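Read through the structure below, which is laid out as structure tokens, and then see the notes.
The values are calculated or read from the model by the stated rules, or taken from the named source; none is laboratory data. It should be emphasised that the depicted structure is a prediction, and the values quoted were computed from it without experimental measurement. Methodologically, a virtual Cβ is constructed for each residue, glycine included, from the backbone with ideal geometry; neighbour enumeration extends over all protein chains shown.
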Amino acid sequence: MNSLIEQLKSLRSRVRLEPARAEKVRQNLVHFIEAEEAVRVRETERHTIQRSISTRFTRFRFTTTVSAMLVLAVLGASTSFAAQRSLPGELLYPVKVGVNEQIVGLLQFSSQTKAHYEVELVDERLKEAVSLSVQGKLDATTTREIEARLETNISKTERSIDSLRTRGDTQTAADVASDFESVLRVGSAVLGEAGKREDRAGSLKGRVDAVLHRASGVRTEIETEVTSPSGTSTEDGARSRNVESSAKRRIRDAEEAVQSVRTYVDANKDQVGEQAASDAKLRLDEVEKKLDRAKQEESDKSFGDAFNSGNEAVRAAQEVHGLTKARADWRLDVQIGNKTEDEKKQQENEKQRQENGERDAEENDNHNQE
């Protein structure tokens, strides 16, 4: 604990603004606080809904609360709160990335929470890029800063997933890899739409797509490991119980995610648009089918398959939420009704199974006739 306190003091001592910049920050904070007070209750309610959507947020609520308290203790409530919403190029952004995020990072004590937090930072960098693009502020300087920080967060996430996988914590690695892929997929789609207005967002999308391709492949490999036998019967027995527990948890996560996204869509129908809201609900109906499949696999005691199907359902629900939120927050015309790569692949697999079944039935008929 003493070491942690010393690190917090060190972080605070490194954040120093010149008098003129400090006065500018103070003036901005006064205006910010006055404007913020009127909408704080509404914002709190909205963020409560958003945070319940992804299991990345709800799973570590206690740690996040303690982290927030320490941030406030180090910086003071007004500075910390205002900095959290700042963007690259703005006065308080160094406080956001150099203090707020560092303190919260220090409070992630387990490999699991550290990995999920790195995914959160990747998500935040992508949102910053889109916000700057929409505001017409994604210039050469801010683009370079976002690219550098994004690359750092991506590398840390990939190393965390690899570490979890190497240690044999396959289910956690699959959780994190799935969330990581979801964040990248939404970021790619939103940056693609923003890129229609200005080139730098489109260029950044290309970088994200390369990482997305890699992340999708890693996630698929890990999910294959989830369903593979370990070796000895003793190892397999222990592993089976672990996978069973993980499958049940992931199915619950999926149920909560679907319900939360439906609530969000209903609450933001006016901002999202009637057609987009309808598309989102149709996509969620498809997610419900994935969830039904996961439950059937659980009932059949195919726990590895149930875990992977639950993961797929969570990922799809997160993507619907991310795309819907982009329309509400940035008024970007991102398409919600289009199938994801996962859904296309699943549809192709089902079609292939149907064709194989018809071919087998035809061969049996021919054999019987002979």
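Yes/no per residue for (1) out of contact with any Ser or Thr (no Cβ under 9 Å at 6 or more places or on another chain); (2) at pLDDT below 95:
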| site | (1), (2) |
| --- | --- |
| 285 | yes, no |
| 290 | no, no |
| 322 | no, no |
| 331 | yes, yes |
| 337 | no, yes |
| 345 | yes, yes |
| 349 | yes, yes |
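Between a residue in the range 250-279 that is assigned by TED's automatic domain parsing to the domain that holds residue 321 and any residue that is assigned to a loop (DSSP other than H, G, I, E, B) and of a type in the set (Val, Ile, Thr), which pairs come within a Cβ distance under 8 Å, given they are 6 or more apart or on different chains?
276/336; 279/336
Under the condition of being over 19 Å from the mean Cα position of the chain (by Cα) and among the hydroxyl-bearing types (Ser, Thr, Tyr), which residue from the range 82-126 is surrounded by the fewest Cβ atoms within 10 Å (Cβ to Cβ)?
That would be 93.
Okay, residues lined up against (1) at pLDDT below 95; (2) surrounded by 14 or more Cβ atoms within 10 Å (Cβ to Cβ):
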{"residue": "196", "(1), (2)": "yes, no"}
{"residue": "206", "(1), (2)": "no, no"}
{"residue": "211", "(1), (2)": "no, yes"}
{"residue": "228", "(1), (2)": "yes, no"}
{"residue": "247", "(1), (2)": "no, yes"}
{"residue": "252", "(1), (2)": "no, no"}
{"residue": "257", "(1), (2)": "no, yes"}
{"residue": "264", "(1), (2)": "no, yes"}
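For residue 249, are the conditions met, namely being under 22 Å from residue 180 (Cβ atoms) and within 21 Å of the chain's Cα centre (by Cα)? Show your work before the answer.
Working: under 22 Å from residue 180 (Cβ atoms): yes; within 21 Å of the chain's Cα centre (by Cα): yes.
So residue 249 passes the test.
In the range 205-224, is there at least one residue being among the aliphatic types (A, V, I, L, M), closer than 21 Å to residue 137 by Cβ and touching a Ser or Thr at 6+ places or on another chain (Cβ under 9 Å)? Reasoning before the result, please.
Just the residues of the range 205-224 that are among the aliphatic types (A, V, I, L, M), to begin with: 208, 210-212, 215, 218, 222.
Now narrow it down to the ones that are closer than 21 Å to residue 137 by Cβ: 208.
When the remaining residues are screened for being touching a Ser or Thr at 6+ places or on another chain (Cβ under 9 Å), the result is 208.
So far as the range 205-224 goes, yes, one or more of its residues are among the aliphatic types (A, V, I, L, M), closer than 21 Å to residue 137 by Cβ and touching a Ser or Thr at 6+ places or on another chain (Cβ under 9 Å).
Find all pairs meeting these conditions: Cβ atoms under 7 angstrom apart; at least six residues apart or on different chains; first residue within the range 287-307 and surrounded by fewer than 22 Cβ atoms within 10 Å (Cβ to Cβ); second residue outside any helix (DSSP H, G or I).
What qualifies is 305/227.
Of the conditions (1) assigned to a loop (DSSP other than H, G, I, E, B); (2) surrounded by fewer than 22 Cβ atoms within 10 Å (Cβ to Cβ), residue 138 fails just one. Which one is it?
(2)
Of these, 58, 64, which one is crowded, with 19+ Cβ neighbours inside 10 Å and at pLDDT below 60?
On the way: 58 fails: crowded, with 19+ Cβ neighbours inside 10 Å.
The match here is 64.
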